[in-house]
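The values are calculated or read from the model by the stated rules, or taken from the named source; none is laboratory data. Note that the coordinates shown come from a computational prediction; the quantities given were computed from them, not determined experimentally. Every residue, glycine among them, receives a Cβ derived from its backbone with ideal geometry; neighbour counts consider all protein chains shown. Remember, those area values only see protein heavy atoms, side chains included, never the ligands or the DNA or RNA. Shrake-Rupley method; radii C 1.70, N 1.55, O 1.52, S 1.80 Å.
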Amino acid sequence: MNSFGRLFRVTLFGESHGPGVGVSIDGVLPGIALTEADFLPDLERRKGGLQKGTTPRKEDDYPLLKSGVFNGHTTGAPLTVFFENNNVRSADYEKQRAIPRPGHADWVAHYKYGGFEDYRGSGHFSARLTVGIVAAGVVAKKILQGITINALLTEVGGEADIEKGLQKAIDAKDSVGGLISCRVEGLPAGLGEPFWDSVESLIAHAMFAIPAVKGVEFGAGFRAAVMMGSEHNDALEDNSGKTRTNHAGGIVGGIANGNPLVFRIAIKPTASTPKMQQSLNWETGAQEAFSVKGRHDLCVALRAPVIVEAMTALVLADLLLISRSLCPV
């Protein structure tokens, strides 16, 4: 559905070309200092049109606090943040309605919702909704006192040189994907549960909810499959839980062990590419050549680090609140 989390519960709403998009958060602790200005640094990092390779669509993305804040502090009631959509060009999508775009949710949305879906700009499937995730992440980070989350774009189009990777796509008149690494410092040992609610399970769930994410690995990740057990094991150094290596990425048995939480995600090439493609025209039943119109990112990974940080913060804030409820002392 559209909600995630147990105690810190986040619900997304809106469509890409509707009146607006936003987020409602239940379980926000009362008394947290919060104003519109607190959201702006992270929202600025997510915006398009600010760097090479991002969509020219520019929205103000100013957070309108609709509920849950009074006199500059959270009230404990559900917190709702709304973002207006003002810069839309829906005609781009009406022209190609009969041809589901490869790599997009067009066909599955049409099949699932019987043609009643809002198809403009991918509607509720759009990465436009990640602005609400970033807003929720700002609130979650305020709960995670002493814990830092940093995500970094490390590769674009198979190149560690980001500019080189982008130029490869520009030269090919196509799109590219990328890799993002994330590191969490200061996470207390003991967070998480075995099996269903392990830290890896919840973070992986959250990461795959980000549009275009196709892979997640923790610590040594897939390299672990070719390592010896004695090589992969992280030996303890002292009673604080510090280990000599961190191949586990800070998680053992689904539980945070106090070492840095380290993971990496793979983001596919932007599905909206100007490259000429073939697809089905569902009105005629024939294959047609077409090119995706509209305003799109050359590489969606460019704007994703702050979204990765926000999603990570949502998971960790929820786990922290659950831990406190079980051990309130």
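What to note about this one:
- Filtered by the rule that a residue be under 15 Å from Gly254 (Cα atoms) and β-branched (Val, Ile, Thr), the range 187-215 gives Val199, Ile203.
- When the residues of the range 183-229 are filtered to those that are open to solvent by less than 20 Å² (accessible area, probe 1.4 Å), small (Gly, Ala, Ser) and assigned to a loop (DSSP other than H, G, I, E, B), the one that is nearest to Gly241 (Cα to Cα) is Gly192.
- For the range 247-302, a residue qualifies if it is part of a loop (DSSP other than H, G, I, E, B), open to solvent by 50 Å² or more (accessible area, probe 1.4 Å) and of a type in the set (S, T, N, Q), and exactly one does: Thr284.
- With respect to (1) under 17 Å from Phe125 (Cα atoms); (2) out of contact with any Asp or Glu (no Cβ under 9 Å at 6 or more places or on another chain); (3) modelled with pLDDT of 95 or more; (4) aliphatic (A, V, I, L, M), the lone exception for Met1 is condition (3).
- Enumeration of residues in the range 259-300 that are in contact with a Lys or Arg (Cβ under 9 Å, 6 or more places away or on another chain) and small (Gly, Ala, Ser): Ala266, Ala271, Ser272, Ser279, Ser291, Gly294
- The range 47-74, residues that are modelled with pLDDT of 95 or more and open to solvent by less than 70 Å² (accessible area, probe 1.4 Å): Pro63, Leu64, Leu65, Ser67, Gly68, Val69, Gly72, Thr74
- Selection from the range 109-152 of residues that are assigned to a helix (DSSP H, G or I), under 21 Å from Thr273 (Cα atoms) and touching a helix residue (DSSP H, G or I) at 6+ places or on another chain (Cβ under 9 Å): Ala109, Arg120, Gly121, Ser122, Gly123, His124, Phe125, Ala127, Arg128, Thr130
- Single unsatisfied condition, Asp234 versus (1) of a type in the set (D, E, K, R); (2) within 18 Å of Leu153 (Cα to Cα); (3) crowded, with 19+ Cβ neighbours inside 10 Å: (2)
Residues are listed down the side, and each one gets a yes or a no for (1) within 14 Å of the chain's Cα centre (by Cα); (2) under 22 Å from Pro211 (Cα atoms):
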position	(1), (2)
Tyr119	no, yes
Ser122	no, yes
Arg128	yes, yes
Gly146	no, no
Ile149	yes, yes
Glu155	no, yes
Gly177	no, yes
Ser181	yes, yes
Ala189	no, no
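- If only residues of the range 130-142 that are crowded, with 19+ Cβ neighbours inside 10 Å and not small (Gly, Ala, Ser) are counted, the one that is nearest to Pro211 (Cα to Cα) is Thr130.
- Lone unmet requirement of (1) in contact with a Pro (Cβ under 9 Å, 6 or more places away or on another chain); (2) modelled with pLDDT of 95 or more for Phe125: (2)
- Candidates are the residues of the range 164-182 that are without any contact (Cβ under 8 Å) to a residue 60 or more places away in the chain and more than 13 Å from Pro269 (Cα to Cα); the one that is surrounded by the fewest Cβ atoms within 10 Å (Cβ to Cβ) is Asp171.
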